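One structure below.
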Amino acid sequence: MNYYLRSKIFLFALLGVTAFSCTSDDQIQYEQYVIYGGDLYIQHCSNCHGVNGEGLRDLYPPLKGSDYLANRVKIICAIQNGLKGEIVVNGKKYNQVMPKNNQLYSLDHAQIATYIYDKWGDESTKKLVTVEEVEKANCNY
Ligand code: HEC
């Protein structure tokens, strides 16, 4: 094997390892967010929305199967600021108050949102919600 070929193979191997370690770092971060987010969800959200995201009759809308989840910014803003006024989830109207939770910070918001999408999102929304995405969300209300 000549030198040129050998160095090429080495380079490809190196690229492969780098790419692989990148992916698994991302994967580890994703898994961490889902785990921490799940704990936070149980602590701060499941009272109203249910452990399995099923909601509670006419009072609390479900997260599981909710068409409201399609809009990531709206979800981030609901977690950040709470929510009030009429909303429609899966064709059903809700008009209650979701209080703002002052014990949670941006990292918590990102982890909770990541958890929600991991559990109840579809393939297009099921991915990491970053702290940056949370902090950039323009929730003017
Ligand atoms: C005290 C009860 C309560 C708690 C606690 C609560 N919510 Fe809500 N949530 C509501 C209500 C009520 C609404 C509907 C608000 C409206 O009618 O405008 C809502 C709406 C939502 C929505 C949008 C509608 C849907 O179902 O898709 C999301 C997403 C959501 N909540 C997520 C969360 C998350 C995440 C937490 C925890 C950080 C949380 N909620 C904590 C009561 C609550």
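The values are calculated or read from the model by the stated rules, or taken from the named source; none is laboratory data. Keep in mind that what you see is a predicted model, and the values were worked out from it rather than measured. All Cβ positions, even for glycine, are placed from backbone atoms using ideal geometry, and neighbour counts span all protein chains on display. These area figures cover heavy atoms from the full protein model, side chains too; ligands, DNA and RNA do not enter into them. Shrake-Rupley method; radii C 1.70, N 1.55, O 1.52, S 1.80 Å.
A few notes on this one:
- Scanning residues 5 or more positions from residue 83 or on other chains, those with amide H under 5 Å from its amide H are 98, with H placed 1.01 Å from N in the peptide plane.
- Taking amide H atoms as placed 1.01 Å from N in the peptide plane, the amide H of residue 63 lies under 5 Å from those of 54, 55, each 5 or more residues away in sequence or on another chain.
- Solution diffusion estimate, µm²/s, Stokes-Einstein, the chain, Kirkwood Rh from C-alpha pairs, 37 °C, viscosity 0.692 mPa s: 195
- With all protein chains in place and a 1.4 Å probe, the accessible surface of the stretch 3-136 carries 58 percent carbon and sulfur.
- Whole-Hz Karplus values for the stretch 125-137 come out as 9, 7, 7, 3, 9, 8, 4, 4, 4, 5, 6, 7, 4 Hz, taken residue by residue from phi with 6.51 cos²θ - 1.76 cosθ + 1.60 and θ = phi - 60°; glycine and proline positions read x.
- Loop trypsin sites (Lys or Arg not before Pro), the stretch 52-110 (other Cβ atoms within 10 Å of the site Cβ: 10 or fewer; DSSP): 57
- Per residue accessible area of the chain, 1.4 Å probe, in Å²: 66
- Rounded tilt (10° steps) of 106-120 against the dominant C-alpha axis of the chain: 90
- Adding -39500 (n - 2.57) for every DSSP H run of four residues or longer, then dividing by how many residues the chain holds, sets the calculated 222 nm ellipticity at -18000 deg cm²/dmol.
- Placing unit charges on the Cβ atoms only, positive for Lys and Arg and negative for Asp and Glu, gives the chain a dipole magnitude near 220 debye about its Cα centre.
- Selected from 40, 59, 83 as most flexible by GNM, with the chain as the system and alpha-carbon contacts under 10 Å: 59
- Heavy atoms of residue 109: accessible area, 1.4 Å probe, square angstrom to 10: 20
- Among 28, 79, 116: highest mean-square fluctuation, GNM of the chain, C-alpha pairs under 10 Å: 28
- Unsatisfied cross-links (Cα-Cα over 26 Å) in the set 8/127; 74/100; 100/136; 8/126; 100/127: 8/127; 8/126
- Distance between the stretch 127-141 and the stretch 28-45 - C-alpha centres, whole angstrom: 17
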